[in-house]
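Working notes, beginning with the structure itself.
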Amino acid sequence: MDALKIEVTEKSQAVFTVKLDGPIDTSTHENFDYYLEKILKPSTKNIILDMQKVNYISSMGVGSLFKIRKFTKQHNIKFLIVGLQPQVKKVLDAVQAMPAEAIFRDIQEMDEYLDQLQKKASKENP
């Protein structure tokens, strides 16, 4: 089985991008969980999961995503996913792992969404 390459970058203070390359399955999900435990802290503001190069996800990988979603929801952390391959998106849709508003085609689409959110918040709280 292929290895999962994981690159964690802090884009700005408490905003993390996690780039994945490879499958998230029985043999790789523990490594994935290990890296995420380092950034799953109440002080984290955003976690952006870049899954453009994830070509396969098993139930163990879906379980990892559920853990992230549960933690981020409990601590009011934005959890966003970009670049899902069609076969991976189909799996996540089937198990309803993520709300539709948290999945984006690419970084540009996500940035446009975040820009709109901030503009709306600025108008509501002048």
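Of all residues in region 60-78, those that are surrounded by 20 or more Cβ atoms within 10 Å (Cβ to Cβ) and in contact with a Ser or Thr (Cβ under 8 Å, 6 or more places away or on another chain) total 2.
Considering only region 4-107, give the helices (runs of 4 or more DSSP H) lying wholly within it that have at least 2 residues that are among the aromatic types (Phe, Trp, Tyr).
29-37, 59-74
Only the coordinates and a few stated rules stand behind these numbers; no lab work does. Everything numeric here is computed off the predicted structure, so don't read it as measured data. Here the Cβ is made from the backbone with ideal geometry for all residues, glycine too, and neighbour counts use every protein chain on show.
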